Amino acid sequence: MTTSEINIDTATLEQLRDVLINKSGDVKLANRFRALFNLKSIGSEQETNAENADKAIEYIAESFKDNSELLKHEVAYVMGQTKNLHAAPYLRQVLDDLDQQIMVRHEAAEALGALGDSESLPLLKKYYDEDPALEIRQTCELAIERINWENSDAAKNETLEKSLYTSIDPAPPLPTEEDNDSSNISAKIEKLRLILNDQSRPLFERYRAMFRLRDLGSDEACLALASGFEDPSALFKHEIAYVFGQLCNPVTVPSLIKVLQDEREAGMVRHEAAEALGSIATDECLPVLQSFLEDKEQVVRDSAVVALDMYEYENSNELEYATV
């Protein structure tokens with residue numbers, strides 16, 4: 001059996017690794033992503049099968065040698081979501097590797113924050129102070145604040161609304177007590193929209209408003225989030241697009257298409273918009289995604305491939321695309 005013929009759902013750990021690293025050289029990118037998601041699920045089982053969990057992390061980390069910026073960025077994201085601290089040294093190495101693409105290094109820094117890895121604070125502070133790329137500095141700022149928040153009294157005492165989403169985000173949502181002064185949902189959303197777009201506020205607080213709006217999840221909240229696409233920060237805009245991929249609300253489609261079609265936008269923003277459209281998977285998303293299969297940016301082309309695979313799944317009888 002060649003690597004490309006392996007059944008992802010019944011594959012062994014070693015077979016999943018071979019698919020992920022494209023050992024045979026002919027594995028479709030979408031199948032490599034599916035192998036990654038399965039390895040992520042195993043890597044998260046630290047409490048029940050630590051040996052396999054750590055082995056899965058090690059196999060995932062082999063992909064950081066790959067040429068695909070999109071795949072490596074997803075690898076870093078997935079490692080942060082495992083809650084397995086065995087991933088931290090690999091992620092620190094990627095953040096410290098100036099030859100890696102900015103989008104990959106950013107995701108490694110964010111993943112260290114998701115892991116709550118206090119041992120990474122000196123490295124995160126180094127790149128927060130010194131990195132020439134704004135995306136890296138901002139990501140390190142968020143990761144530092146997230147780790148500090150997790151070890152603070154606020155984390156123990158704040159009342160957070162239980163989220164529908166299982167992702168470990170760059171910041172927790174604002175606590176519910178922040179909006180108890182208004183029983184009017186529109187006034188609550190407007191207050192959050194103002195925090196979201198107030199560049200004089202700490203980035204961590206603005207992200208907290210972003211995830212509170214996501215958890216409210218109404219059309220009105222989605223449109224408030226879409227206003228964040230006017231921000232000058234590529235990092236900020238890419239997170240808005242990511243959130244829209246979680247929400248899967250068709251009301252966000254016009255703003256996502258606009259972002260994807262804007263060649264002035266950073267690749268990290270356009271790629272996330274493409275994947276969000278793949279998750280939403282309404283009829284109007286299909287021709288748009290197909291039109292970007294030949295985009296001049298590889299990360300956008302690759303994202304269109306993955307998004308079309310997601311679109312196909314969302315419109316099939318499969319229960320879910322992936323276990324992320």
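The values are calculated or read from the model by the stated rules, or taken from the named source; none is laboratory data. Given the structure is predicted, the values throughout are model-derived calculations rather than measurements. Every residue, glycine among them, receives a Cβ derived from its backbone with ideal geometry; neighbour counts consider all protein chains shown. In case anyone asks, the SASA skips ligands and DNA or RNA and just uses the protein heavy atoms, side chains included. Shrake-Rupley method; radii C 1.70, N 1.55, O 1.52, S 1.80 Å.
Just checking, which of Ser200, Ser152, Ser167 is open to solvent by less than 40 Å² (accessible area, probe 1.4 Å) and free of Cβ contacts under 8 Å to residues at least 12 places away in the same chain?
Sole residue among the options that is open to solvent by less than 40 Å² (accessible area, probe 1.4 Å) and free of Cβ contacts under 8 Å to residues at least 12 places away in the same chain: Ser152.
Being modelled with pLDDT of 95 or more, among the hydrophobic types (A, V, I, L, M, F, W, C), open to solvent by less than 10 Å² (accessible area, probe 1.4 Å) and more than 16 Å from His73 (Cβ to Cβ): is that true of Ile280 here?
no
When you check Glu119 against the structure, is it open to solvent by 10 Å² or more (accessible area, probe 1.4 Å), more than 24 Å from Ser227 (Cβ to Cβ) and assigned to a helix (DSSP H, G or I), yes or no?
yes
Select the helices (runs of 4 or more DSSP H) contained entirely in segment 217-277, then report the ones holding at least 2 residues which are open to solvent by 20 Å² or more (accessible area, probe 1.4 Å) and of a type in the set (D, E, K, R).
Correct list: 219-226.
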